[in-house]
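The numbers here are math on the coordinates, done by the rules we state, and not lab data. On a predicted model such as this, the values are computed, not experimentally measured, just so you know. Positions of Cβ are generated from backbone atoms using ideal geometry, with glycine treated the same way; all protein chains shown enter the neighbour counts.
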Amino acid sequence: MAFEDLLNDPVIQKYLHELVGPTGMPVAAAPPDGEVTDEELAEELGLELNDVRRALFILYENDLATYRRVRDEDSGWLTYLWTFHYDNIPENLEEEMYRLLDALEEREEYERTHEFYLCEVCSIRFEFGEAMDFGFECPECGSPVEAMDNDRLREAMGQRVEKLRNELNVDVTG
């Protein structure tokens with residue numbers, strides 16, 4: 001995928017936005033070619049230097065930017081020259097999908113192996129043990145808690161797990 005295509009992809013835009021937030025998005029959405037300083041980016045984009053630095057550090061933590069330090073011979077000041085590496089984005093997204101799949105599978109298992117009770121007044125959900133401890137009454141309002149059918153939730157989670165497995169080409173064994 002070409003660099004321009006990466007930046008125009010709505011999934012990648014959303015991924016970058018989730019990483020750096022709205023204040024860092026101008027930094028992430030318009031990476032310059034070659035090296036650039038944080039001060040140059042702040043001036044060019046009209047942003048606060050701290051916002052630019054925060055976004056750069058987040059990109060760095062996610063292997064989407066690197067820097068090299070250069071010491072000024074006269075002043076001794078360090079200058080950080082940043083380079084963007086968005087070719088890692090597809091692998092990062094795939095890793096995120098695997099993490100999501102694992103979390104969904106764990107949650108689906110939890111939903112399947114536990115019995116839940118619901119206070120329909122407060123919309124608070126309790127596990128069986130909690131409901132029993134409270135005498136099957138809501139500790140907030142005193143209303144009785146009723147057994148909750150979570151089949152629709154489990155079914156929706158199962159569909160999402162299946163979709164993710166298909167997207168990742170993951171076979172289920174056992």
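Structural remarks
- Considering all C-alpha pairs of the stretch 114-174, those separated by over 18 Å amount to 49%.
- With a Förster radius of 35 Å applied to the C-beta separation of Ile124 and His85, the computed FRET efficiency comes to 0.15.
- Legend: ranking of residues Leu41, Leu104 from fewest to most surrounding C-beta atoms inside 10 Å; resulting order Leu104, Leu41.
- Distant-in-sequence amide H partners of Ile124 (H built 1.01 Å from N, under 5 Å): Cys119
- Centre separation in Å (Cα based) which lies between the stretch 47-97 and the stretch 141-174: 38
- Fewest-first sequence of Ser143, Ser75 by Cβ atoms within 10 Å of each Cβ: Ser75, Ser143
- What the Cβ-Cβ distance of Arg112 and Ala29 gives, at R0 = 45 Å and to the nearest 0.05, is a FRET efficiency of 0.65.
- Simple Cβ-charge dipole of the chain, Lys/Arg +1 and Asp/Glu -1, about Cα centre, in debye nearest 20: 60
- At 1.306 mPa s and 10 °C, Stokes D of the chain from Kirkwood alpha-carbon radius, µm² per second: 78
- A cut-off under 11 angstrom between Cβ atoms defines the neighbours of Pro144, and their net charge, with Lys, Arg +1 and Asp, Glu -1, is -3.
- Distance between the pseudo-spin-label points of Glu146 and Glu95 (7 Å out from Cα toward the beta carbon): 4.6 nm.
- Each residue of the stretch 26-36 was assigned a 3J(HN,Hα) from its phi angle through the Karplus expression (A = 6.51, B = -1.76, C = 1.60, θ = phi - 60°), giving x, 5, 6, 7, 10, x, x, 6, x, 8, 8 Hz with x at Gly and Pro.
- Distances between placed amide hydrogens fall under 5 Å for Phe116 paired with Met148, all partners being 5 or more residues away or on another chain.
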